[in-house]
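Worksheet for the structure shown next.
The values are calculated or read from the model by the stated rules, or taken from the named source; none is laboratory data. Computed from a predicted structure; not experimentally measured. Heads up, the Cβs are rebuilt from the backbone with ideal geometry, glycines too, and the neighbour counts pull from every protein chain shown.
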Amino acid sequence: MAADANKQDYTEIESENEEKGYELPENAGVVDYLMWPWKSMEGFFERFMRNFGWQFGVQMAIMYLLVKGLMMSVLGLIKLSYCKKSLGIDGTACQTMGTIAQTPWAIKGAIGVLSDAYPLFGYHKASYIICSAVLGTLAFLGLATLPIASAAVAAMLMFAANLEIATADLLCEGKYAELMQTKPKTGSTMVSYVWGCFQVGSLVAACFVGPVADAYDPKVLFLVLTPIAASIIVPTSLGYLADERVPDDKAGFKTDLIKQYPYIVSFCLVMALCAVGNALIDIFFFDEHLWQAIYAISCAVLLSVMAFLCLPRQLAMSNFYMFIASVLYVDIGGAQDFWFTADEKCVPGGPAFDYTYYNTYTSVVGAFTGWVGIVIFQTYMSGWTFRNLFWVTTLLQVVASAFDLLIINRYNIAWGIPDKWFYMFGDAVIGPAVMMFAFMPAVVLTSKLVPKGLESTTYALLAGFQNFGGVVSSQVGIFATEFAGIKTEDTAEGGCNFDNLSTLVAVSHCILPLFAIPLTFLLIPNKLMTDKIVEDDCCDEPSLLTQYFSPADSSETKGKEE
């Protein structure tokens, strides 16, 4: 690790106008208006560098432009073509592989607890990022060079790749959140910088994945990602993260967090065990989709009960809603992706989208709709109640899925509308805007409810909980696809069979998600986004276990007595 001389004192600069951007002069002329975007951008970067330094800016750019933005996007977009062209597997196997690969995002809470409790090689963050990056680099190198014929082997390597992204994302997020707390007036500058890097990286990835997948073996992209996976090692090793080394006399395992919040820590660890157990079952019992679904649902029940036992009541209710909403929107991507890209032999008269259209064009348009979603939300919806926002999100999801249903039943062709035009109104393109409508109120609601002093761990825990909802949704969707008798490959017995796909989409994406709406009356507070959700200090209300089983001298009990 580089010497700590590269650390910067991020708290020494604090001015009254840190967040004040470039303003047009009085009586501005045409040149002033033409120069306004450049001047605004110049002022933005000058503000960022003044408050956080160029080293931290490089660290965040590599993390969110390259690692999370570009690399994660390529990994997601390449999955379909890699399954079909490189591995030659069907839709359910492809979706099972993807579920295993996404597991690290469900164990973020445990990663956060471990990094807070044990300074690896003397560092709470930097060493974990470097170790995970080495693992991720080796994983991409293996995907690019090894003659992999097993979806389970590919899934394990993708698991390692996602572990790098999830670990680095969590720990970099924790660091910039820490710096934002020391300089509260710079909050929007940091968030805009990180979000902008991510969006640019995602857009760049979308532009080349489709054409490359059409023209070459998709494995070539893993070779491109190998140096990108290693890139974050350099600034982290040079100390650009500003992660202070723990003094030798304070090294070792810290038990303070466990003693102070034993039940929340337990929840993190149990969730990690459930997620890793799910991945192991998927790997070793790859085709046993019924048992995979049973295990995932059992874990969902266990974690839901633990949420109400271990978390403050309103926080548990709100995040249980977000978890169950993820589960109810059953993931049947394996069946849908293969139908939309199937050839004439498999789906006569079908869309037969190539990867350039399906991965690139739709992703670029989806990025645009995502930005439009942000503008609409900020302009018209930021003053709505949480319940209304979640209702609208659910209904928009259903409407977008209805367009996919119409394509599958070929109604658009009967109306004279080409598939490529009609698909632009469907879930894959409208989805990013809907995701923004769901994401922003969820973040705001959670931020108003997290226990004080435990923000980072709680955010990681809740993000993992909602990500595990996606795992459960995928496992249920894989079994549902198999139960519906869908065959996505013409090499299967009897050839391709998508006869029940429209029914599957209708149930999974148009009917089940609607059950989330009545749950808002039970689980989501009927408050405006700008309202205070609970009274002061109520965010620290004890969980059920803390109320009845914590020792009388615990920190939480002391706080209440005082």
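Miscellaneous remarks
- Residue that is nearest to Leu170 (Cα to Cα) [pool: residues in the range 131-151 that are under 21 Å from the mean Cα position of the chain (by Cα) and surrounded by fewer than 23 Cβ atoms within 10 Å (Cβ to Cβ)]: Leu135
- Taken over the range 208-239, the criterion of being out of contact with any Ser or Thr (no Cβ under 8 Å at 6 or more places or on another chain), of a type outside the set (A, V, I, L, M) and not in a helix (DSSP H, G or I) is satisfied by Tyr216, Gly239.
- Only listed residue being surrounded by 21 or more Cβ atoms within 10 Å (Cβ to Cβ), aromatic (Phe, Trp, Tyr), out of contact with any Cys (no Cβ under 9 Å at 6 or more places or on another chain) and under 30 Å from Leu461 (Cα atoms), chosen from Phe308, Phe386: Phe386
- Residue that is surrounded by the most Cβ atoms within 10 Å (Cβ to Cβ) [pool: residues in the range 99-117 that are more than 14 Å from Val276 (Cα to Cα) and not hydroxyl-bearing (Ser, Thr, Tyr)]: Gly112
- Just one residue in the set Leu141, Leu120, Leu146, Leu170 is in contact (Cβ under 8 Å) with a residue 24 or more places away in the chain, out of contact with any Pro (no Cβ under 8 Å at 6 or more places or on another chain) and more than 19 Å from Leu273 (Cα to Cα); that residue is Leu141.
Quick grid of which residues meet (1) of a type outside the set (A, V, I, L, M, F, W, C); (2) under 17 Å from Glu244 (Cβ atoms); (3) at pLDDT below 95; (4) assigned by TED's automatic domain parsing to the domain that holds Leu65:
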position: Ala117; (1), (2), (3), (4): no, yes, yes, yes
position: Ile148; (1), (2), (3), (4): no, no, yes, yes
position: Ala161; (1), (2), (3), (4): no, no, no, yes
position: Ala166; (1), (2), (3), (4): no, no, yes, yes
position: Leu170; (1), (2), (3), (4): no, no, yes, yes
position: Lys175; (1), (2), (3), (4): yes, yes, yes, yes
position: Leu179; (1), (2), (3), (4): no, yes, yes, yes
position: Gly187; (1), (2), (3), (4): yes, no, yes, yes
position: Val200; (1), (2), (3), (4): no, no, yes, yes
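- Number of residues in the range 217-232 that are over 22 Å from the mean Cα position of the chain (by Cα) and either farther than 14 Å from Lys79 by Cα or surrounded by 22 or more Cβ atoms within 10 Å (Cβ to Cβ) (or both): the value is 4.
- Residues being exposed (fewer than 15 other Cβ atoms within 10 Å of the Cβ) and closer than 21 Å to Val364 by Cα - total across the range 400-430: 3
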